[in-house]
Amino acid sequence: MDATIQAAAARLSRRLKKHGKTVTLAESCTGGLLASTLTDIAGSSSWFERSFVTYANQAKVEELGVDPEALANKGAVSAQVAIQMAQGALRRANADFAISVTGIAGPTNQGSKKPVGTVYVGIASRTWANAKRTQIGGTREENKSGFVHFALLTAMNCWDEAFDRLLEEQVKMAHDAEEARLKSEMDAQRAAQAELEKQGEEGKPASWQDEAWESTGEEDGMALEVEWVDGEE
C-alpha cells in the first residue's frame, strides 16, 4: 500500500480515537480495499465496527437498502446511491460514521456514460450525510488505490467540517444562554425596583392628607391658635 494512503489512514484513525467515534464501511468498486487499509492499523478494533462489500446492484439493495429506482435513474455511480449506501451501512452497524465508495475502476465503463476513474464517496452520520465526486486516470489497480485515498481524505474533510459546525453551534448556544441569563437578571432587577417604588408610594400620605396637614383651618372655621383666658375667682 502506498505510503501516502497509509499516512491518510493513520490520520483518520487518530481523529476517530481522539473523539471516541467508530466507523463502518460500504464498498463497491474497491472490493474491501478500504477496509483492508484501515484494519492494517494496529488497534483498529477500537474504532472499526464492520464493513459491507456490495459489488452488485442487487447486493446494494438487499444489504444496504439502496432504492432500486435510484440505481435505475441515477446509476450505481452517483451521489444519491453513495449517500444511500453510507446511510444503509450506518443503519446496519453500531457505528457513529459510515463511508461508502462507488465508482468505475476500469478498464472499461461497461456501457456507463460516466468515464473510467469516476468515483463517489458518501459520508454519513446519524444527523447528516454528504457525497463527493472525483475522477482519477490510471489502471484499474491505480484507480482503486486512488479511490481509497480519496475516500480517506473526504471522510476527514467532511468530519472536520461537521465538528467545526458543532463547535460553532455550541459556542452560539453558550452565547445565547448567557444573553438569556443576563436578560433574566435585568428583568428581575427591574421588577424588584418597581416593587420598591410601589411600596414607597403606598407608604406616602394621600394627597388629601397632605392638604389637611398644610391647611390653616380658616377655610372650615377651625382655629389653629387658642387663647387661654384665666377665669375670675
Just checking, how many residues over region 34-59 are crowded, with 21+ Cβ neighbours inside 10 Å, touching a residue at least 40 places away in the same chain (Cβ under 8 Å) and touching a strand residue (DSSP E or B) at 6+ places or on another chain (Cβ under 8 Å)? 2
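Let's see how each residue does on (1) farther than 22 Å from Asp2 by Cβ; (2) among the basic types (Lys, Arg):
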{"residue": "Val61", "(1), (2)": "yes, no"}
{"residue": "Ala89", "(1), (2)": "yes, no"}
{"residue": "Arg126", "(1), (2)": "yes, yes"}
{"residue": "Ala131", "(1), (2)": "yes, no"}
{"residue": "Ile136", "(1), (2)": "no, no"}
{"residue": "Phe147", "(1), (2)": "no, no"}
Does region 112-139 hold any residues that are under 23 Å from Pro68 (Cβ atoms), among the polar types (S, T, N, Q) and in a loop (DSSP other than H, G, I, E, B), and which are they? Ser112
Return the residues of region 20-33 that are surrounded by 15 or more Cβ atoms within 10 Å (Cβ to Cβ), under 28 Å from Ile104 (Cβ atoms) and either of a type outside the set (D, E, K, R) or within 23 Å of the chain's Cα centre (by Cα) (or both); say none if nothing qualifies. Val23, Thr24, Leu25, Ala26, Ser28, Cys29, Thr30, Leu33
For region 29-46, check the following and say yes or no: at least one residue is within 18 Å of Gly122 (Cβ to Cβ), touching an Asp or Glu at 6+ places or on another chain (Cβ under 6 Å) and among the aliphatic types (A, V, I, L, M). yes
Take region 5-36 and flag every residue that is farther than 23 Å from Ala131 by Cβ and among the polar types (S, T, N, Q). Gln6
Criterion first (surrounded by 14 or more Cβ atoms within 10 Å (Cβ to Cβ) and in contact with a Lys or Arg (Cβ under 8 Å, 6 or more places away or on another chain)) does Ile104 satisfy it? yes
Qualifying residue in region 86-103 (condition: among the small types (Gly, Ala, Ser) and free of Cβ contacts under 8 Å to residues at least 60 places away in the same chain): no
Given Ala194, Ala162, which one is among the hydrophobic types (A, V, I, L, M, F, W, C), under 21 Å from Ala79 (Cβ atoms), out of contact with any strand residue (DSSP E or B) (no Cβ under 6 Å at 6 or more places or on another chain) and modelled with pLDDT under 85? Ala162
Any residue at all in region 84-97 that is within 18 Å of Trp128 (Cβ to Cβ) and acidic (Asp, Glu)? yes
Looking at (1) within 23 Å of the chain's Cα centre (by Cα); (2) over 24 Å from Glu161 (Cα atoms), find the lone condition where Ala3 falls short. (1)
Just one of Glu201, Glu141 is at pLDDT 85 or above, exposed (fewer than 13 other Cβ atoms within 10 Å of the Cβ) and over 17 Å from the mean Cα position of the chain (by Cα); which is it? Glu141
Sort through Ala151, Ala131 and tell me the only one that's touching a Gly at 6+ places or on another chain (Cβ under 8 Å) and surrounded by 15 or more Cβ atoms within 10 Å (Cβ to Cβ). Ala131
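The values are calculated or read from the model by the stated rules, or taken from the named source; none is laboratory data. All of these numbers come straight from a predicted model, not from anything done at the bench. Counting neighbours? That spans all protein chains shown, and the Cβs are built from the backbone with ideal geometry, glycine included.
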